[in-house]
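Before any comments, here is the structure.
What follows is calculated from the coordinates using simple rules that are stated; it is not laboratory data. The structure presented is a predicted model; accordingly, all values stated were derived computationally and were not measured. All Cβ positions, glycine included, derive from the backbone under ideal geometry; neighbour counts span all protein chains shown.
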Amino acid sequence: MNIIFVAPPAAGKGTQSALLVEKYGVAHISTGDLLRAEVNKGSELGKSLQEKMSTGELIADDIVIDLLKNRLMENDIKKGFILDGFPRNLNQAHMLDEMLEELNMKIDHVLYLDMDKELAMHRALGRMTCPNCGKGYNKYEEIMKPKVDGKCDDCQIDLESRSDDNEETFNTRFDTYLDNTQPLLDYYKEIELLNVIDNSGTPEDTFKKIEEVII
Ligand SMILES: [Zn+2]
């Protein structure tokens with residue numbers, strides 16, 4: 001079972017991937033990890049990738065496709081794979097189709113973890129922890145809010161947020177993601193691979209919905 005995972009920021013893609021790997025023995029392939037692994041090998045390609053990555057230059061799609069192709073020829077792919085972080089646009093999707101055809105493989109499901117921006121933001125930015133006692137809070141949830149905004153109920157000191165984002169940067173990141181991803185989703189819908197998964201419940205709820213689709 002070969003899956004492409006598409007999800008907006010803070011949707012819990014990592015958690016769902018891990019559950020799929022554990023239960024179905026599929027390989028989790030992140031293109032970011034593939035690039036980092038090549039850099040760590042210290043190969044000629046790795047060296048040139050490192051240079052590009054350190055200056056923030058984009059890595060050419062054909063390089064990513066080659067790395068991906070090599071990865072897909074390894075032994076642990078027999079039960080299938082989850083592609084995470086690729087493709088990000090239509091051009092990459094077409095290149096992927098071609099490459100998979102050469103390997104005599106195909107994608108079975110594209111899973112999109114659908115969630116509303118506000119909910120994603122609450123999950124991502126709401127969580128706060130007391131650096132002293134470790135108690136967790138969520139500033140957006142009535143029952144998990146601290147009594148005094150931003151302070152630990154017990155220690156009266158400032159709570160720490162786990163996210164680097166604020167509301168504004170999160171909104172921008174989320175909107176940019178949706179704008180860039182929509183053509184990809186439209187494409188997979190057209191070729192009848194797209195499954196939109198309601199991600200508004202608990203991670204367990206989401207996993208059940210994924211299983212309904214893939215089995
Ligand atoms: Zn505390």
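Scalar couplings 3J(HN,Hα) for the stretch 58-66, obtained by applying the Karplus form with A = 6.51, B = -1.76, C = 1.60 to θ = phi - 60°, are 6, 8, 4, 4, 5, 5, 4, 4, 4 Hz; x denotes Gly and Pro. Available extension along the chain between K69 and E192 is 41.9 nm, counting 0.36 nm per residue and deducting the alpha carbon span.
Pairs from the list K69/K106; K23/K78; K13/K69; K117/K147 with a Cα-Cα gap above 21 Å: K13/K69; K117/K147. Only helices enter this figure: runs of n ≥ 4 DSSP H residues, each worth -39500 (n - 2.57), summed and divided by the residues of the chain, yield -15500 deg cm²/dmol at 222 nm to the nearest 500. Projecting label points 7 angstrom from Cα along Cα→Cβ for K208 and D149 puts them 3.8 nm apart.
Measuring nothing but alpha carbons in the stretch 17-126 and taking Rh as the Kirkwood radius, the Rg to Rh ratio lands at 1.01.
Globularity index of the chain is 1.17 (Cα radius of gyration / 2.2 N^0.38 Å, N = number of residues). Among C133, C152, the order by Cβ neighbours within 10 angstrom, fewest to most, reads C133, C152. On the beta carbon distance between K78 and L103, with R0 = 22 Å, the FRET formula returns roughly 0.95. Each of I82, I143 was scored by other Cβ atoms within 10 Å of its Cβ. Listed from fewest to most, they are I143, I82.
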